[in-house]
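Below is one structure, written out as structure tokens, with a few remarks after it.
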Amino acid sequence: MRSFAMLLPLFVSCASLAGTTPPALVPFEIKTDEDVARALREHYTKHEFRIPMRDGVRLFTNVYTPKDTSRTWPILMVRTPYSVQPYGVENYPAKSNVRVPASKLALRAGYILVYQDVRGRLMSEGEFVDIRPRADAAKRARGDKTAIDEVTDAYDTVDWLVKNVPGNNGKVGVWGISYPGFYAAQAAVDAHPAIKAVSPQAPVTEWFIGDDFHHNGALCLADAFAFYSTFGRARPKPVKKTTWEFDYDAGDVYDFFLKMGPVSNANKLYLEDKIAFWNELLRHPTRDSWWQARDPRPHYKNIRPAVLVVGGWFDAEDLWGTLQTYGSMDSQSPGGHVSLVIGPWAHGGWARSDGESVGNIGFGAKTSVRYREDVEIKFFEHHLKGAPAPPSAIPEAYMFETGSNEWRSYDAWPPKSVRPAPLYLRENGTLSTGKPAGPGEDRYVSDPRRPVPSQGTASQRLDHDYMTEDQRFATRRPDVLSYSTPVLTDEFTLAGPIEASLWVTTTGTDADFVVKIIDVWPEDTADPDPNPRRARMGGYQQLLRGEVMRGRFRNSHEKPEPFEPGKPTLVRLTLSDVNHSFRAGHRLMIQVQSSWFPLIDRNPQTFVRNIADAKDSDFVAATHTILRAPTHASSVTLPLLRGRLP
């Protein structure tokens, strides 16, 4: 499938556009929050509308229209559960409260900017439903006005806007990051004819397998608790303010959650049984019909607008959702225009930073600035304003290759030339392309009362920089197994998902298995200069990718199974895609462990129906063994694009 507007700068220089592109609406550069506030006040008029949906519910919507009425403008819309404040037509964003979820470049170029509180949030009427399921198909087919969902709300909003907002050119773009990214993706389904371009960025996708609050059925404890302790509070009527940030009563987040004890204590100690969706998270411990109804991927078919899916390699929340949204739309929309961009960014980093680094890892360029100037704005300018298209077809995926720190273009993702390359866990903590010749095993004791931390430094919040954090703190623990290649003499590059196959035995009846892929830097690597984080890069063990499999779900997310103590059992898990070059002088390391706390809640290692109901007495230490034998060969299969494994 081909998209034809994503990489305009590779084919059309800024000079070639001169004379064909109308002048920008805002005559000055917009770089700071002060510039944003000034541009809105001087060049836009603010309106507030309560837009009626087909069932009569009205959604609160802020609309900023250009004061220049000599030409028509496209609409650029964001639908959000996080507030479109400030409220009041006289109240424009101030420097301290700039909420303009459109790039500064779009603000300067000139669009009708639309921000909407979604149904049931802040000032909109109706009931809010998290990742609202698609309305019943039979009711939709017969025109039942009660058959509402985020697709119909987006459609009804756009229909009203193009008919009622003066000065629009009849074309609409929709985008958003994270939860607003989910709403953007929903707008592409059965889209209103006026919607020409959609950009779901780090879109929330499916919350049981791989996004935000669960990975393979394991609860992402710190994120779920922090988010729903505030976001999930009931709103009995429309309000203009919401509360954010849980006030932890401990200096370190690891200590806080360990002291809290079993997940069931969250309600007793902090949430007071008042967070409805938190309770639903815990009440559905398998991927049952409730979760399946909240999976949007089956509905991402026959997408008509051009789509630009955007994400970050180091997004701790929605990398999986980015890849799954792209894959679902691309595979189910023959003849459509669905493109993918992934850069070296944490969650939303392409919009909120210059993209030069994540944590201690630098990328040698302002990658976010390049994306915003060369990809995002030109995607919307082409599809909504008719800016010139490139003269030839372009690759479908534009991906930043970490390690080498270069942008790469592909005509498919993963690239068609990728070949599977297994690495086997071998004796003495080594890795080899050959299977073990004889029996072997490595074992460790996993104690849920002393779980492996998910980050090595004390913090009052789970720091998303853990996605690139130095893993030496974990390597030194006896409950973490490490396997490494020799120092590389040649470079090799990976592109795509990583598959792990572990043959295990355990003395317990349940267990988690975490697999981490690590890039070990040379011992003589110089520290950054300046070095405000005091990073020691010599021998740095950079986390590249990590994933957990809750062992009970090893064969099915719907039907959990206990382990039979002592019986060799195969546990497979898929780690999200990478595009990374392991450089000469580096090493590739694989780590295996059975806790990752408090990123992931603790597995009691005793099989219980619902871990959320586990008691203190259910949490027991267990010995886990990783098998290394010809018939039980534990391995990790890498997506090899270039070079060869050592």
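Just a few scattered comments:
- Matching option when the condition is modelled with pLDDT under 95, aliphatic (A, V, I, L, M) and either closer than 25 Å to residue 240 by Cβ or surrounded by fewer than 17 Cβ atoms within 10 Å (Cβ to Cβ) (or both), among 113, 107, 76: 107
- Residues that are part of a loop (DSSP other than H, G, I, E, B), in contact (Cβ under 8 Å) with a residue 24 or more places away in the chain, farther than 17 Å from residue 86 by Cα and hydrophobic (A, V, I, L, M, F, W, C) within region 111-141 comprise 128, 131, listed in sequence order.
- In summary, residue 436 fulfils each of the numbered conditions (1) over 21 Å from the mean Cα position of the chain (by Cα); (2) within 20 Å of residue 319 (Cβ to Cβ); (3) not hydrophobic (A, V, I, L, M, F, W, C) with the single exception of condition (2).
- Scan of region 153-183 for residues that are of a type in the set (Ser, Thr, Tyr) and either surrounded by fewer than 20 Cβ atoms within 10 Å (Cβ to Cβ) or not in a helix (DSSP H, G or I) (or both), ordered by number: 178
- Selection within region 467-490 - of a type outside the set (A, V, I, L, M, F, W, C) and closer than 20 Å to residue 527 by Cβ: 468, 469, 470, 471, 472, 475
- Restricting region 448-472 to residues that are in contact with a strand residue (DSSP E or B) (Cβ under 9 Å, 6 or more places away or on another chain) and surrounded by fewer than 17 Cβ atoms within 10 Å (Cβ to Cβ) leaves a set whose member that is farthest from residue 618 (Cα to Cα) is 472.
- Criterion (surrounded by fewer than 18 Cβ atoms within 10 Å (Cβ to Cβ) and either closer than 30 Å to residue 420 by Cα or β-branched (Val, Ile, Thr) (or both)) met by exactly one of 475, 505, 509: 475
- Of 608, 578, all but one fail to be of a type outside the set (Lys, Arg), in a loop (DSSP other than H, G, I, E, B) and over 14 Å from residue 504 (Cβ atoms); the exception is 608.
- Positions within region 445-485 being acidic (Asp, Glu) and farther than 26 Å from residue 605 by Cα, in sequence order: 463, 465, 469, 470
- Filtering region 184-191 for residues that are outside any strand (DSSP E or B), in the same structural domain as residue 112 (by TED's automatic domain parsing) and surrounded by fewer than 20 Cβ atoms within 10 Å (Cβ to Cβ) leaves a non-empty set.
- Number of the condition not met by residue 52 [criteria: (1) modelled with pLDDT under 95; (2) at negative phi]: (1)
The values are calculated or read from the model by the stated rules, or taken from the named source; none is laboratory data. Note that this is a predicted model, so its numbers are computed, not measured. Positions of Cβ are generated from backbone atoms using ideal geometry, with glycine treated the same way; all protein chains shown enter the neighbour counts.
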